[in-house]
């Protein structure tokens, strides 16, 4: 891990239209409703690190991944990659350096292509040497898998093919969107070991999206916790997941079943609507420490001791005044 | 007190290549008030076990052995008699709860329907108003927000966690003696999963419903159950008290499952992983079914299959303990 910044993201927003607008909606001037999937996210990704992104479904973690690899264009905000600002004109440059691995390998690989075709597709031409090397790097026997279709392989093997496809062009950065959540535990640890080895060998930078805190603890150097499209906590993995500061991170940690405790203490209530998120802090309806200010004003993401950041009024000087 | 006794249960599937044995000589007792966690990788036969107890296996399946539910052998019952048990005595919760509700009927209507059938079976006459009140009361017990509003909703208008709670509401209305939950939380988020797990524990304590909880996540089974059953290739590998199994797993497969859970960071070394893949039921290895992946394999493991042995109030199928 170095201090060289690979990605810099400022005020990144992605709004989707909640409903398709017809002509009548325009005539009657019905308000335009947006789903605020990613709302004002700032972050930096350093070269060679693994940034874990943890959150529930609907927290915007997959959208953030898609924005970074250029699968979606941001509604607002700026992305710098290797010092260059990314816009429509230099998307090609970004796409040459980044790759993505998706959650379900059976749906992200073309079922009518053979493994060797799938892996050679990003190259634009069939290069047996490169394909063979990529497949062998991920621990598959080239002669055994090359002519097989994805359906003929097991879940763990197909996910390896998806990883081989991602590394065949030697990218700088890979977004891994829950690559192990469809796999059994024993296979999950094989894939996690492989990813850690690949990172060392090719000095890759990862963004690892997951809802599993145990997996994040293993693979990530730093984590960000997303809630309803916003970053609520950021910092070194051990700090954040061992001693969570934000009440949401605490609730998340106590919801995860582990072999240390038999009792789970989840936060109450449901994930908020992203069309009409709660006022002030988005977590306040579920938060056990909610104060008056939480309902009115949104807490900023402020630094607390070193490289740790948290967005909660409990940790701001202003908030402390309000508590008393 | 024993609620369910499974004796020498074998389940076969007829396929094009012939008869395949899925569950092999399975014995299990479930007491009143028990929560049994069934753990295994995909393809270990854990869902088949759930389906076999409720007798909803696909038509190409056949069973031998005994499933005694309060002394009645379910395998001898015909479809009509079995109907009396399903729902009101044995209730099943599936992985995707949305698929187990009718998409074109309101949630409230479906719960009322279930309740009416229960009263019909009991031969009791209950007025519409009382049924409505009972449904709303259960919604309140489960802390569903605005019960009257939820009552009027269609399944697709509810979130994943709410749907799962509606299904649990149905279970609470019917008060079955046995609830089989087949991966009920794998389609929902961790915080909701924890809420649902706590709900299951609550209905187990308050309504005295025994639960068979099927999952692939051994830490979830630990949080949920008081007994654990580890299945591999359709065989019980280890069975016993949850606390004891987690603290001191005896079978190498259970040890492997526990060691595979990521706990540390990548800087402190590699994660343990069980080498290889679970076997296919068409080509099961000879001897112990786990021997090709086992770190403690001995010559005898490759030749003869171990029998279940009782070691301090636990059952293990491994040559290490014979």
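Being part of a loop (DSSP other than H, G, I, E, B), within 14 Å of chain B (Cβ to nearest Cβ) and farther than 23 Å from residue A:275 by Cα is the filter here, so list the residues in the stretch A:47-87 that pass it.
A:48, A:49
Any chance the stretch B:13-20 includes a residue that's at pLDDT below 95 and buried (at least 18 other Cβ atoms within 10 Å of the Cβ)?
No: zero hits.
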For the stretch B:145-175, give me the residue count where each residue is more than 20 Å from residue B:99 (Cβ to Cβ) and not in a helix (DSSP H, G or I). 4
Which residue is surrounded by the most Cβ atoms within 10 Å (Cβ to Cβ), if the candidates are limited to the stretch B:243-264 and must be free of Cβ contacts under 8 Å to residues at least 12 places away in the same chain, more than 9 Å from every other protein chain (Cβ to nearest Cβ) and within 21 Å of residue B:42 (Cα to Cα)? B:249
So residue B:95 clears everything in (1) within 23 Å of the chain's Cα centre (by Cα); (2) surrounded by fewer than 14 Cβ atoms within 10 Å (Cβ to Cβ) except one condition, right? Which one? (2)
With respect to the numbered conditions (1) surrounded by fewer than 23 Cβ atoms within 10 Å (Cβ to Cβ); (2) within 9 Å of chain B (Cβ to nearest Cβ); (3) in contact with a strand residue (DSSP E or B) (Cβ under 8 Å, 6 or more places away or on another chain); (4) closer than 29 Å to residue A:18 by Cα, which one is the sole condition not fulfilled by residue A:271? (3)
In the stretch B:10-42, residues that are free of Cβ contacts under 8 Å to residues at least 40 places away in the same chain and under 18 Å from residue B:230 (Cβ atoms) total 1
Is it the case that some residue within the stretch A:153-160 is within 22 Å of residue A:45 (Cβ to Cβ), surrounded by fewer than 17 Cβ atoms within 10 Å (Cβ to Cβ), within 14 Å of chain B (Cβ to nearest Cβ) and modelled with pLDDT under 95? no
Output for the stretch A:198-215, where each listed residue is modelled with pLDDT of 90 or more and within 9 Å of another protein chain (Cβ to nearest Cβ): A:199, A:215
Within the stretch A:179-197, does at least one residue satisfy the condition of being touching a helix residue (DSSP H, G or I) at 6+ places or on another chain (Cβ under 8 Å), in contact (Cβ under 8 Å) with a residue 12 or more places away in the chain and more than 14 Å from chain B (Cβ to nearest Cβ)? no
Filter pass, residue B:315 being within 18 Å of residue B:49 (Cβ to Cβ) and surrounded by fewer than 22 Cβ atoms within 10 Å (Cβ to Cβ): yes
Which residue out of B:224, B:237 is surrounded by 21 or more Cβ atoms within 10 Å (Cβ to Cβ) and away from chain A (no Cβ under 12 Å)? B:237
Of everything in the stretch B:293-322, what is out of contact with any helix residue (DSSP H, G or I) (no Cβ under 6 Å at 6 or more places or on another chain) and assigned to a helix (DSSP H, G or I)? Give them in sequence order. B:293, B:299, B:303, B:320, B:321
Only one of (1) assigned by TED's automatic domain parsing to the domain that holds residue B:229; (2) under 30 Å from residue A:185 (Cα atoms) fails for residue B:159. Which number is that? (1)
Go through B:267, B:210, B:280 for me and flag whichever is free of Cβ contacts under 8 Å to residues at least 60 places away in the same chain, out of contact with any helix residue (DSSP H, G or I) (no Cβ under 7 Å at 6 or more places or on another chain) and either surrounded by fewer than 22 Cβ atoms within 10 Å (Cβ to Cβ) or away from every other protein chain (no Cβ under 11 Å) (or both). B:267
Being surrounded by fewer than 17 Cβ atoms within 10 Å (Cβ to Cβ) and either more than 25 Å from the chain's Cα centre (by Cα) or touching a residue at least 24 places away in the same chain (Cβ under 8 Å) (or both) narrows it down to one of A:88, A:78, so name that one. A:78
Considering only strands (runs of 3 or more DSSP E) wholly within the stretch B:22-127, the ones with at least 2 residues that are under 19 Å from residue B:204 (Cα atoms) are B:35-39, B:90-93
Single residue of A:266, A:288, A:247, A:277 found to be more than 16 Å from the chain's Cα centre (by Cα) and at the interface with another protein chain (Cβ under 9 Å from one of its Cβ atoms): A:266
Take residue A:235 and tell me if it is more than 11 Å from every other protein chain (Cβ to nearest Cβ) and under 19 Å from the mean Cα position of the chain (by Cα). yes
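The values are calculated or read from the model by the stated rules, or taken from the named source; none is laboratory data. On a predicted model such as this, the values are computed, not experimentally measured, just so you know. No Cβ is skipped: glycine too gets one built from the backbone with ideal geometry, and neighbour counts run over all protein chains shown.
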